[in-house]
Amino acid sequence: MRKTAIYRDDLFLDHKPGAGHPESPDRLRVIYDELDRAEIAAPFLFPDFAAAPLETIALNHSAALIDRVRSTAGRSHDFLDADTQTSAASFDAALKAVGALTDGVDRLMAGEIDNCFALVRPPGHHAEAERSMGFCLFNNVAVAARHAIGKHGLERVFIVDWDLHHGNGTQNSFYENDRVFYLSTHQYPYYPGSGGVNETGRGAGKGFTANVPLPGGQDDRAYATIWNRLITPLVRAYRPQLILVSCGFDIYQGDPLGAMLVSARGFAYLTRVMVSLAEEVCNGRLLVTLEGGYNLTGMRDGSLAVLAELLGNRLSTSLPIHLDKRTGEDLRRAAVDLLSLEETLGVVKTHWNIDEFLD
């Protein structure tokens, strides 16, 4: 059984964007309630960790943005943009969320843990260098990648973002950088409007960004196809020293903000592939961090599926999954998503010879 760490803190429940806001504390509460059960928590490690200092946030964010978010501390309600609201404890929660990821990176690099899941909020992948947006205050995963490069001297970090929405902030953080490979699967066109297939990086970063824009309606089998045909050979070709996953459960079937059809079995399979790749290329170093997800059942069941796979307790997730319950519209969308994957593969292959890395 692997040494799997879980990062949790009740401070993350104190970030309260407001009544009716989809990014509510209940998203984490349903997971924490499960982790309060001794039989669930027993196999995991729960490290102590500190909030990130401001100089760590500054690895990826401007002083002006840091000051703006800090100005919300202690105020009962504030708006960073139309969607991104804060409460009195939001600034402290955001610092602690980044601290969870940087601590996870440090423990992975020291060999103290095999992998980890940062169950944190606020989420991060929309936050730009100079702008909080899309429910995100600071970009947790981008700061973690910069921390890994700056403190540990890593030359290759791979970020997989399976959230429903494109992680514009993460992409833009490394768009001209070959030390981070960013790959996103997302519903498109949808918020925030970025993530087209031809967005592949610029300058030194050309070819180190890959996007799979999907129309909606994609299920476990469709995502498994993307993982098997694109992500697996790309990770093998790039050979990262650390893998980070922006895990959004808003691709869960029935999520109120999305139109995807992924089940808990699907999340288990995606995680299993990432665990296997990490063990193959970077001594198992895999950090998963929570992004979106607004169906509470999906949050709970998806998180438990991810945790089981990180630990090495496989769920019953053998693929391919039978399609006998899919409608004609589902099948039509599945055909479209395969066309989308083929387009992405065509673009990626102009930069990478990935066919030799297929099983």
Discussion item. With the structure loaded, tell me whether Arg27 is within 21 Å of Phe117 (Cβ to Cβ) and not acidic (Asp, Glu) or whether it fails that test.
Written reply: yes
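Yes/no matrix, rows are residues, columns are (1) out of contact with any Ser or Thr (no Cβ under 6 Å at 6 or more places or on another chain); (2) crowded, with 20+ Cβ neighbours inside 10 Å; (3) basic (Lys, Arg):
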{"position": "Val157", "(1), (2), (3)": "yes, yes, no"}
{"position": "Phe181", "(1), (2), (3)": "yes, yes, no"}
{"position": "Gly196", "(1), (2), (3)": "yes, no, no"}
{"position": "Arg229", "(1), (2), (3)": "yes, no, yes"}
Practice prompt. Would you check if there is a residue in the stretch 246-255 being out of contact with any Lys or Arg (no Cβ under 6 Å at 6 or more places or on another chain) and surrounded by fewer than 23 Cβ atoms within 10 Å (Cβ to Cβ)?
Written response: yes
Worksheet item: Would you pick out the residues in the stretch 193-228 that are basic (Lys, Arg) and under 20 Å from Phe181 (Cβ atoms)?
Response: Arg202, Lys206
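Among the residues of the stretch 38-57 satisfying the criterion of being touching a residue at least 60 places away in the same chain (Cβ under 8 Å) and in a helix (DSSP H, G or I), which is farthest from Leu95 (Cα to Cα)?
Kept after step one, since they are touching a residue at least 60 places away in the same chain (Cβ under 8 Å), are these residues of the stretch 38-57: 40, 43-45, 47, 52, 56-57.
Filter again for in a helix (DSSP H, G or I), leaving 40, 56-57.
Working: Ile40: 27, Thr56: 9, Ile57: 8 Å.
Looking at residues that are touching a residue at least 60 places away in the same chain (Cβ under 8 Å) and in a helix (DSSP H, G or I), I get Ile40.
Pick from the stretch 229-251 the residues that are charged (D, E, K, R) and in a helix (DSSP H, G or I): which of them is modelled with the lowest pLDDT?
It comes out as Arg229.
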Worksheet item: For the stretch 52-68, does any single residue satisfy the condition of being over 30 Å from Met109 (Cα atoms) and of a type outside the set (A, V, I, L, M, F, W, C)?
Response: yes
Worksheet entry | Test for Leu80: is it within 23 Å of Glu309 (Cβ to Cβ), in contact with a strand residue (DSSP E or B) (Cβ under 9 Å, 6 or more places away or on another chain) and at pLDDT 95 or above | no
Item to complete: Residues that are closer than 25 Å to Thr185 by Cα and out of contact with any Asp or Glu (no Cβ under 6 Å at 6 or more places or on another chain): find the helices (runs of 4 or more DSSP H) completely inside the stretch 58-165 holding 3 or more of those.
Response: 90-110, 140-152
Item to complete: Identify, from the list Gly193, Gly207, the residue that is closer than 23 Å to Gln253 by Cα and either small (Gly, Ala, Ser) or in contact (Cβ under 8 Å) with a residue 60 or more places away in the chain (or both).
Response: Gly193
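The values are calculated or read from the model by the stated rules, or taken from the named source; none is laboratory data. Values in this document were obtained by computation on a predicted structure and should not be read as measured data. Heads up, the Cβs are rebuilt from the backbone with ideal geometry, glycines too, and the neighbour counts pull from every protein chain shown.
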